[in-house]
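Asker: The structure that follows is given in the form of structure tokens.
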Amino acid sequence: MKAEKKEPSSDNTLTLEQFQETVLQEQLTPLWMGAVGQLREPHTHIEPYLWRWKELRQRVTQSLKLIPLGDQGAERRVLTLRNPGIPVPRMGTTHTLIAAIQVIAGTEVAPSHRHTMAALRFIIEGEGACTVVNGEPESMQPRDLLLTPNWYWHGHFSEHPDPMIWLDGLDVPLVQGLGATFQENYPSPDRRQPITAPRDESIRRYSAGGLLPVGDRTADKNSPLLNFRWAQTEDRLTQMAERDGSPYDGVALQYTNPFTGGPVMPTIDCWIQMLRPGDQTKTHRHTGSVIYHVVEGSGWTVINGKRFDWATGDIFCLPPWVWHDHANASSGQRAILFSFADTPVLKAFDLYREEAYAENQGRQPVEATF
Ligand code: 1HN
């Protein structure tokens, strides 16, 4: 007779401990073993962190000499900023977004490609470079915001000996997490897309905000204005600063899609904010993660009790649902922060929440410095 072998899972003499141990091996997690605790409020492996411009600039400048662009080198000369909570070689400045620094110079060309990740570029320094977006060259000037939405062809070229350095922002970890990453190269032998539109045509057509060309309205969720020039942004900030300001954000402006009034791209919201001399905001927290770039000035941001002092060029990240407030360190100079966030995604699915810090006159205590 065949010896009868009893499966442990069918043994009704199992203790609870044996049961739990056994089912864990079977890829089953009893909800009563603590998993519910993870759901009471956001838990994240993302840490607040700050990258200093002095160091970033030095590294990106070194990369200019070490790695060529093109077939014998890199497709893009990019250093991505990896959060300490994310293991190598994964990408992530937060759990949904990445920031990166890119440089091109001389007569270099970064070949055209397209991908399902949405991208933005905030220009930091240099001159004489363009991004070609779906056949239209967008000229880059310091502090401009350029857009390269999901599945738009894009490549870069330089026409000036000096390096052009910019901040790239993309929703790479979000799209990876949703299992929707696709990328393809432009299908021509030299991988350069033909130029089919006048340079900066999107500025000509769409930068006046309230006045839009009849017949151009589309159902596209992406802003048709692909370059928000700094001169206009700064003018609006300066005018708003005379009277307005939020207790949590200072003088904050959202870059918007002129047709919808909504965010510039469906997954990424972009802001510019000014902290006037001596401004110090109150503390709040919200769902959604944010990456900040210091455009000008110096100050600090307190994140869950830790103070991060920043100066021009620095980049820092804010994990979701952390207490934060900002201050301008100067009593004479303005401070300006550019930021991008995943908030449109949260808002689209009714997951956006915001909470004010109640104690201590609305400002969290500082317990440590970065
Ligand atoms: C990318 O395609 C660009 O097109 C820049 O310039 C940075 C970072 C991660 C993944 C793709 C670009 C990027 C990127």
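Here, each number is a calculation from the coordinates, and none is a lab measurement. Bear in mind that the values here come from a model prediction, so they are computed numbers and not experimental data. Cβ: placed from backbone, ideal geometry, glycine included. Neighbour counts: every protein chain shown.
Asker: Can you figure out the FRET efficiency of Gln72 with Thr13, using R₀ = 51 Å and their beta-carbon distance, to the nearest 0.05?
Answerer: Between Gln72 and Thr13 the formula returns 0.15.
Asker: How do Phe308, Phe122 rank when sorted from fewest to most other Cβ atoms within 10 Å of their own Cβ?
Answerer: Phe308, Phe122
Asker: Further, regarding this structure: Taking the Cα centre of the range 56-130 as the origin, how large is its charge dipole in debye, to the nearest 20, when only Lys and Arg (+1) and Asp and Glu (-1) carry charge on their Cβ atoms?
Answerer: For this selection, approximately 280 debye.
Asker: Sticking with this one: Between Glu355 and Asp220, what is the spin-label point distance in nm, taking each point 7 Å from the Cα along the Cα→C-beta axis?
Answerer: 4.0 nm
Asker: Sticking with this one: Can you compute the modelled spin-label distance between Arg236 and Trp32, with each label point 7 Å from Cα toward Cβ, in nm?
Answerer: 5.6 nm
Asker: Also, quick follow-up: Can you count the Lys pairs in the chain with C-alpha separation below 30 Å, eight or more apart or on different chains?
Answerer: 7
Asker: Given the peptides 86-98, 200-212, arrange them by the average over their residues of other C-beta atoms within 10 Å, most packed first.
Answerer: By packing density, highest mean first, the sequence is 86-98, 200-212.
Asker: When the chain is treated as a GNM, springs tying every alpha-carbon pair under 10 Å, which of Asn257, Asn222, Asn360 comes out with the largest mean-square fluctuation?
Answerer: Of Asn257, Asn222, Asn360, the Gaussian network model singles out Asn360 as fluctuating most.
Asker: Arrange Trp300, Trp321 by Cβ neighbour counts within 10 Å, fewest through most, would you?
Answerer: The order, fewest Cβ neighbours first, is Trp321, Trp300.
Asker: Can you give the angle from 0 to 90° between the axis of helix 230-241 and the longest principal axis of the chain, with both taken from C-alpha atoms, to the nearest 10?
Answerer: The answer is roughly 80 degrees.
Asker: Quick one: length gained pulling Gln25 to Thr107 fully straight, 0.36 nm per residue minus the C-alpha distance?
Answerer: Using 0.36 nm per residue and subtracting the Cα-Cα distance, I get 23.7 nm.
Asker: Related question: Quick one: Cα convex hull volume of the range 230-351, Å³ per residue?
Answerer: Cα-based convex hull of the range 230-351, divided per residue, equals 106 Å³.
Asker: Taking just the C-alpha trace of the chain, give me its Rg and Dmax in Å.
Answerer: 24.0, 94
Asker: Any chance you could give the angle, 0 to 90 degrees and rounded to 10, that helix 53-66 forms with the longest Cα principal axis of the chain?
Answerer: Helix 53-66 and the main axis of the chain meet at about 80 degrees.
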